[in-house]
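The values are calculated or read from the model by the stated rules, or taken from the named source; none is laboratory data. Note that the structure is predicted; figures quoted are calculated from it, not measured. Every residue, glycine among them, receives a Cβ derived from its backbone with ideal geometry; neighbour counts consider all protein chains shown.
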């Protein structure tokens with residue numbers, strides 16, 4: 001995935017760079033064959049999670065290689081979960097509609113990007129889940145108001161994401177600025193049903209930005225992907241969003257399960273039907 005540079009802040013739009021780094025570090029310990037990829041791709045299609053007309057095999061291969069690196073890092077903490085099972089649990093890196101992005105696909109042209117940013121700013125609402133639909137597993141954030149977005153940005157020394165982590169990696173942006181940072185890839189807004197997003201957003205703001213709900217940050221979260229799904233610090237982009245609905249919605253059955261790894265593109269699938277997010281738009 002592409003790492004963007006915004007002034008002196010370096011951040012990742014997705015988890016791609018990390019997965020690639022880990023994949024190459026551990027390549028000698030894993031054997032990827034065309035047969036492995038073919039089999040997993042077919043299973044994804046048969047399960048209904050991959051739409052082959054919008055998620056090509058070449059795009060899936062890219063995701064498969066990323067995922068193997070992550071699975072390798074998590075293997076010691078996983079109990080009797082094969083890589084094929086792990087892929088199924090993370091939705092094969094597909095969006096809820098079964099689509100996926102080829103890393104070689106054409107990026108958005110500047111002219112259409114400007115229009116998309118304007119539509120994004122107009123449509124965003126407090127509690128919306130935002131997914132950057134880039135190659136691989138993507139990136140995620142949450143709108144804490146109609147005007148502010150919080151994310152775990154990633155970036156930094158990606159090899160140490162499973163070791164030292166990246167300190168103080170939670171960031172808040174105005175909606176327009178966030179969109180500008182990520183608009184080179186397609187962005188999707190997903191809105192949880194029955195207004196549940198508002199309480200999740202309030203929780204996210206207090207837990208991952210400011211305990212007083214102010215604009216001045218007093219929460220300092222380390223970026224890391226090894227800790228379990230209920231650990232709030234360290235955290236990573238899609239886990240932070242999922243936790244906002246798991247912890248922040250009272251005794252309602254909103255978010256499902258505690259998956260070993262929560263992928264950005266699969267976020268809308270981790271909800272009970274009554275609150276399952278629907279797609280507002282693509283920008």
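Residues in segment 174-187 that are surrounded by fewer than 21 Cβ atoms within 10 Å (Cβ to Cβ) and either closer than 24 Å to residue 247 by Cβ or touching a helix residue (DSSP H, G or I) at 6+ places or on another chain (Cβ under 8 Å) (or both): 176, 180, 184.
Taking segment 166-283 as the region of interest, the helices (runs of 4 or more DSSP H) fully inside it that hold 1 or more residues being modelled with pLDDT of 95 or more and farther than 24 Å from residue 134 by Cα are 197-208, 237-247.
Tell me, which residue of segment 192-212 that is free of Cβ contacts under 8 Å to residues at least 60 places away in the same chain and in contact with a strand residue (DSSP E or B) (Cβ under 9 Å, 6 or more places away or on another chain) is surrounded by the fewest Cβ atoms within 10 Å (Cβ to Cβ)? Top of the filtered list is 210. Is at least one residue of segment 140-157 assigned to a helix (DSSP H, G or I) and more than 17 Å from residue 210 (Cα to Cα)? The answer is no, given that none of the residues of segment 140-157 is assigned to a helix (DSSP H, G or I) and more than 17 Å from residue 210 (Cα to Cα). Output the number of residues of segment 129-148 satisfying the condition of being within 23 Å of residue 261 (Cβ to Cβ) and surrounded by fewer than 24 Cβ atoms within 10 Å (Cβ to Cβ). The total comes to 2.
Kindly establish whether residue 236 is assigned by TED's automatic domain parsing to the domain that holds residue 268 and crowded, with 23+ Cβ neighbours inside 10 Å. Considered against the rule, which asks whether it is assigned by TED's automatic domain parsing to the domain that holds residue 268 and crowded, with 23+ Cβ neighbours inside 10 Å, residue 236 comes out as yes.
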